[in-house]
1. Using only the alpha-carbon atoms of segment 45-151 as identical scatterers, what base-10 log of I(q)/I(0) does the Debye formula give at q = 0.19, 0.23, 0.24 Å⁻¹?
2. Return the carbon/sulfur percentage of the accessible area of segment 27-86, one whole number, probe 1.4 Å, all protein chains in place.
3. Order 149-159, 95-105 from most to least packed using the mean count of other Cβ atoms within 10 Å.
4. Rank these residues by their accessible area, most exposed first, probe 1.4 Å: PHE198, PHE14.
5. Per residue, what accessible area does segment 141-202 have, given a 1.4 Å probe and all protein chains present, in Å²?
6. Can you give the relative contact order of the chain as a percent, counting alpha carbon pairs under 8 Å and 6+ residues apart?
7. Could you give the accessible area per residue of segment 1-120, probe 1.4 Å, as a whole number in Å²?
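The values are calculated or read from the model by the stated rules, or taken from the named source; none is laboratory data. Since the structure is predicted, the reported quantities are computational estimates derived from the model, not experimental observations. Virtual Cβ from ideal backbone geometry, glycine too; neighbours counted across all protein chains shown. When the accessible area is computed, the model is the full protein with side chains, heavy atoms only, and any ligands, DNA or RNA have been set aside. Shrake-Rupley method; radii C 1.70, N 1.55, O 1.52, S 1.80 Å.
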Amino acid sequence: MKSLFENTSEPVYFNVPDAEISYYPHFFEEQKSEELFKELLQTIPWQQDDIKVFGKVHAQPRLTALFGNDGKPYSYSNIKMQPHSWNPILRDLKQKAEAISATDFTTVLLNLYRDGKDSNGWHADNEKELGVNPVIASLSFGAERYFHLQHNTDKNLKIKILLEHGSLLVMKGTTQHFWKHQIPKTAKPIGSRINLTFRSIV
């Protein structure tokens, strides 16, 4: 009998230079994905931080939360987040992401995109506390959103991935050094999406 928790669909590997990117479109079954989305939406202590862009302060265009080991904070875009302690559902998801990516994660940054107006601009997960060649495992639940990647020096090298409900994206190797990524806004009337990006603070 097939488990409702995981669907062992074959990953898609992207053959591009300076990166190791794999995508599991149906990492979780539909029913379990729906359960996880609802539980995360209702139980995570979501917050909205201010972010400075070109000298102006704006409310970040999404909600976030941080969970991790030993109270280690995580900083990005001049935002310093203090982690909550792991709860059972996030610990379970962490273990599954670790098994696929062969990495021990210390931290998860959660993002709640409430609608198509919420977004995440061009950036790389290359903060010093993530060390050299960080592994990022990204789970998606809820509305599908496009994930764009672009090479830093060869602007013709681009990837666009539709991140599906219950999917997993893994970025390894030198991906964060040579590529940047974003979740752009969309004018389409879409629902909420929750994204969990597992990472290791060294």
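1. Log10 I(q)/I(0), no solvent term: -1.24, -1.72, -1.76.
2. Values: 1650 of 3510 Å².
About 47 percent, which is the carbon plus sulfur part of the accessible surface.
3. Details: 149-159: 13.0, 95-105: 15.3.
With the highest mean Cβ count within 10 Å placed first, the list reads 95-105, 149-159.
4. Largest accessible area first, the residues go PHE14, PHE198.
5. On the way: 2610 Å² over 62 residues.
Counting only protein heavy atoms, the per-residue value for segment 141-202 is 42 Å².
6. Details: 434 pairs, mean separation 55.5, N = 202.
Averaging sequence separation for qualifying contacts and normalising by length gives 27 percent for the chain.
7. With the other protein chains kept in place, segment 1-120 gives 56 Å² per residue.
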